[in-house]
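Q: Right, I'll just put the structure down here and ask away after.
No lab work stands behind these numbers, since they all come straight from the coordinates. These numbers come from a predicted model, not from an experiment. Note that each Cβ is placed from the backbone with ideal geometry, even for glycine, and that neighbours are counted across all protein chains shown.
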Amino acid sequence: MATVELKAVSKVYDGGVQAVKAADITIQDKEFVVLVGPSGCGKTTTLRMVAGLEDISSGDLFIDGKRVNDMPPKDRDIAMVFQNYALYPHMTVYDNMAFGLKIRKMPKEDIQKRVDEAAGILEIHELLERRPKQLSGGQRQRVAVGRAIVRHPKVFLFDEPLSNLDAKLRVQMRAEISSLHTRLQATMIYVTHDQVEAMTMGDKIVVMKGGIIQQIGDPLTLYNKPVNRFVAGFIGSPPMNFLSTSVTESGGKIWIDEGTFKMAIEGRYAEPLKPYIGKNVSFGIRPEDLVYNMDAAEGSFIPAAAEVIEPLGAETHLYVNTGKHQLIARTAPNIHFSVGDKVKFVPNLDKAVFFDAETEQAINLS
Amino acid sequence: MTIQRFISYFVFILWTVLTVTPLVWMSYSSFKTNAELTQDIFSMPSELVFKTDHDYMVSSFPSPQTLIDGKQRITLESSKIRGFRHFILVDRLPTEFQSLPVGQTVGLDQLPFGLRNEILWKTLFYNYTSAWTRGNLGPKFLNSLFYVVVSTTLIIMFSMMASFGFSKMQFPRWSKFLANLIAVGYLLSIPAIIIPLFIMLSSLGLTDTHLGITLVYVAFGLPLGVLLGQGYMRGIPDSIIESAHMDGAGHWRSFLSIVMPMTVPVIITVSIINALGIWNEFLLVLVMASSESTKSLPVGVFSFASQTSIELGWQLAALVIAVVPTMVVYFRFNKRITQGVVAGAVKG
C-alpha cells in the first residue's frame, strides 16, 4: 500500500481565505488516520488536496515518497468516498463499481471478479442490478465504499461518509469501516466532524481548527494529554469541564481559587503551577474524573448544586453549578440526586489538565 | 369551484378546437381538386373520392416511360381534372381498346376491374402524387431531414459541451459572462437578421450550400441549448464529477460517460424544440437556397403558389406530407415533450 506525507501544505483560496496553514502530517502505510475538527477547520480541504481535487497553494505532498502536487487525481491511484455518496445515477450498482476499472481498460473477467469480491465483502450481491435511486441510504453508502474497494487503490479517502445516515446505521457502518480497514490492510484517511467517530476508528487522529493542526496522536493520547484547551474540549463526550481559576500559594501549598471555592493542588501539577502563582489558569477536568464524595476533606473538593439530572441507565450525567461555572459529572447510576442538592466532587488530580489562561496551551508537566 | 372548472374546461376545449380544426381541414381538403377548393373552401372532398366515375379521353400525349423502354402505351386523360393522365400498357387493355383513336371517350366502368381499381387509387391520391413529383418533394424531404438531423446533432454536441464548461469547469469569473452572452442570442430571430446573415454567408461563399444553412441553424439553436443545459448541469453535484475524476476519468470521459447520460431530459427537450423548429423553418432556406438541391420541404410547399396560378390541392397535400413527420414525433414523444419542457423550465 502506501504512505502519505504532507509537508507544510497550505491552501489559500482566490479570495485570500487561508483554509489550511502549513499542515505537516505523516501517514504510515496501512494506517487509519482521522482528520477531525469543527466545520470550516480545513479538514475537508486537506483531504481534497490529497485527492488532487484542490490545488496545493504551497508545500509538498508525497504519496509513497513521490511528490504528487501536480499530478491529476486520476493518476494518483486514490479512491474517495464522498459525503453524498456521489453514485452515478444512470448506472446500475455493478456499473458504478466497474466504472473505474473499465476506464483503466481492465479485462471483463477481472472486473467481474473484483466487483464480485467487493460485493461479497459488503454483502451487496443482490443489489448489483439496481440503480442508486432504488437503494436506501445505508445501501448507497455500501456501494460507494464498494466502488472504492474494487479499485485496490493505494489510499482510501473518506469525506464524512456517515453524516447522512441515521444514528443507528452510523454506529453500524462505523464498525464496518473499521473492520474493512483491518481486512484490507489499506492506508485510509477519514474526515469527520464527529469526535466519537474519530476516537472509535482512528489509529491516529489529527485535530484541526481554523486551518491549523492542533494535535496529532492516537485517541488515548489526545484524550489524556491534550496539548491545548481546544483539543481537550473537542475530544470527549460529554466534554471536559473548564474552570477559570487563579493560582495562589499559602501554607507551602499551591491553591487554585475559583472564586466560590479554593482547592489545594497536590501531586503532579504542584511543581509546574508554581510559575503561575498570581496568574490565571484554566482547570480542566473530565466528567468521569469528578468523584462524588460527600465526606471529602476541606480544600480537596468542588462544592456545587445539582441543576439537571440525566439518568442514562448505565450512568447518570449530573449538571452542577458552582455559582460561577457549570460542570458535568458522570456518576454511578445508583446514587440518587434531586435538583438543588448540595454536592461535593473530588477531582482526580492525576487526570486533570491545566491550561495557561492566555495561550490556552496545556501547562507542561515535565 | 365548479364554475372555475367549467371555465377551465371551456378554455381547454376552445383551445383544442382552435388547434385541431386547421389540421382536420387541411387533411380532408388535401383530397379536393383545385376547382373544388376554389368553389367552396369548406366543402367535403368529392371528385377525387366519391364522384370518380367520370369519362376519360384517349389523348395523343406521349408517355414519358415509353420514350425510355419503347413499350406501347395508351394515354387516357381525365375529362374533369385537367392534366390528369394515365399511361396504360397496351397489353393490359382488352383487345377492343387497344386501337382506340385519339379523341375517343372511354368510361371508367368499361375498363377491366384491376385497371379501374388502380385508376381509382391514383385518383384518390392525385394531389399527393402530383405534389411529390411536380414539386420534386423527395429530395426536399431528404434535405429537410438532413438539416434537422445534422443541425440538431451539432447543437446538442456543442451546447452540451459549452454547458459543461460553464457549469462544471473552473473559471467562475468568465463562465457567467460568456454563458449570458450566448443566452442573449436567444433574443435574436432569423427574420430579424436575415439580410446581414445573407451578406455574411455570401461573402463566405456559403449561400445555397448545406453547410451554410446548417451553420446558421446551429448558431440559432445553441443559446437555448446552453441556457437549459447549463442550468440543468449546475444541479448535478460536483462530487459526482469529482468521483469520476477519482475513478480515473479525465474531463472528456466524465463529460461523455457521466454528465451526458445524466442530462438526457434536457437533451431530449432541446432536440425536439430544435428539430421541430428547423423542420418548419421557411425564411432562411427561401432566402439562401436558390438551387433545387438545397431547398427544404417548407419551400417546396411554397413553390406551388406563384403569381399566375395556385395549385391549392397540391399545396395542401404537400403540407400534409410536411406535417406528418412532426405529428409522428409528437405522438411518439408526447409525454417526453411536455415533461421535458417543464423539467427544463423548472430546473433550468
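Q: What nm distance separates the two modelled labels at B:Thr338 and B:Val102, each placed 7 Å from Cα along Cα→Cβ?
A: Placing both labels 7 Å beyond Cα along the Cβ direction yields 6.2 nm.
Q: Cα axis of helix A:93-103 to longest principal axis of chain A: angle in degrees, 0 to 90, nearest 10?
A: Approximately 70 degrees, to the nearest ten.
Q: What fraction, in whole percent, of alpha-carbon pairs in region B:220-316 exceed 21 Å separation?
A: Numbers: 2597 of 4656 pairs.
It works out to 56 percent of all Cα pairs.
Q: Right, here's the next one. Pick from A:Asn164, A:Asn321, A:Asn334: which residue has the top mean-square fluctuation in a GNM of chain A where Cα pairs under 10 Å get a spring?
A: In the Gaussian network model the winner is A:Asn334.
Q: If I take every Cα pair under 8 Å that is 6 or more residues apart in chain B, average their sequence separation and divide by the length, what percent do I get for the relative contact order?
A: Values: 395 pairs, mean separation 73.8, N = 348.
This gives 21 percent for chain B.
Q: Using only DSSP helix segments of four residues or longer, with each worth -39500 (n - 2.57), what per-residue ellipticity at 222 nm results for chain B after dividing by its residue count and rounding to 500? Don't jump to the answer; show the numbers that get you there.
A: Numbers: 16 runs with 223 residues, N = 348.
About -20500 deg cm²/dmol.
Q: How tilted is helix B:312-347 with respect to the longest principal axis of chain B? Cα atoms for both, answer in degrees (0 to 90, nearest 10).
A: Value to nearest ten degrees: 20.
Q: Considering only B:Tyr330, B:Pro261, B:Val226, whose Cα is most displaced toward the positive end of the charge dipole of region B:134-347, charges sitting on Cβ of Lys, Arg (+1) and Asp, Glu (-1)?
A: Value: B:Pro261.
Q: Hey, if you put +1 on the Cβ of every Lys and Arg and -1 on every Asp and Glu Cβ in region A:273-366, which of A:Phe345, A:Phe301, A:Leu273 ends up farthest toward the positive end of that dipole?
A: A:Leu273
Q: Set Lys and Arg Cβ to +1 and Asp and Glu Cβ to -1, take the dipole of chain B about its Cα centre, and tell me which of B:Ile68, B:Asn280, B:Leu124 lies farthest positive.
A: So the residue we want is B:Asn280.
Q: Can you spot the aspartates and glutamates whose alpha carbon is less than 12 Å from A:Lys342's alpha carbon? Ignore those fewer than 8 places along the same chain.
A: In chain and number order, the partners are A:Glu307.
Q: Continuing with the same structure: Loop only per DSSP, at most 15 neighbouring Cβ atoms within 10 Å: give me the trypsin sites (Lys or Arg not before Pro) in region A:226-315, ordered by residue number. Show your work: numbers first, answer last.
A: Numbers: sites: A:Arg229, A:Lys253, A:Lys262, A:Arg268, A:Lys279; in loops: A:Lys279.
Answer in residue order: A:Lys279.
Q: Given R₀ = 60 Å, what would the calculated FRET efficiency be for B:Ser290 paired with A:His152, taking r from the Cβ atoms and rounding to 0.05?
A: On the way: r = 65 Å, r/R0 = 1.08.
It comes to 0.40.
Q: If you don't mind, there's one more thing I want to ask. List every residue whose amide H lies under 5 Å from the amide H of A:Val346, counting only residues 5 or more places away in sequence or on a different chain, with H placed 1.01 Å from N in the peptide plane.
A: Here A:Val291, A:Tyr292, A:Asn293, A:Ile302 satisfy the definition.
Q: With N set to the number of residues, divide the alpha-carbon radius of gyration of the protein assembly as shown by 2.2 N^0.38 Å and report two decimals.
A: Numbers: Rg = 41.8 Å, N = 714, 2.2 N^0.38 = 26.7 Å.
Here the Cα radius of gyration is 1.56 times the empirical estimate.
Q: For chain B, please report how many Lys pairs fall under 14 Å Cα to Cα, leaving out neighbours fewer than 8 apart on the same chain.
A: Details: B:Lys32/B:Lys51; B:Lys32/B:Lys80; B:Lys32/B:Lys122; B:Lys51/B:Lys80; B:Lys51/B:Lys122; B:Lys140/B:Lys295; B:Lys168/B:Lys176.
Close lysine pairs under the 14 Å cut-off: 7.
Q: Using a Gaussian network model of chain B with C-alpha springs under 10 Å, which one of B:Thr207, B:Thr105, B:Thr129 is most mobile by mean-square fluctuation?
A: Its mean-square fluctuation being the largest, the pick is B:Thr105.
Q: Turning to a different aspect of this structure: Quick one: helix A:137-149 against the long Cα principal axis of chain A, what's the angle to the nearest 10°, folded into 0 to 90?
A: 70 degrees
Q: With the cut-off at 16 Å, report for region B:78-143 the share of all Cα pairs above it, as a whole percent.
A: Details: 1200 of 2145 pairs.
Summing the P(r) tail past 16 Å for region B:78-143 gives 56 percent.
Q: Simple spin-label model, 7 Å along Cα-to-Cβ: B:Leu18 to A:Ala264 in nm?
A: Placing both labels 7 Å along Cα→Cβ, they lie 9.9 nm apart.
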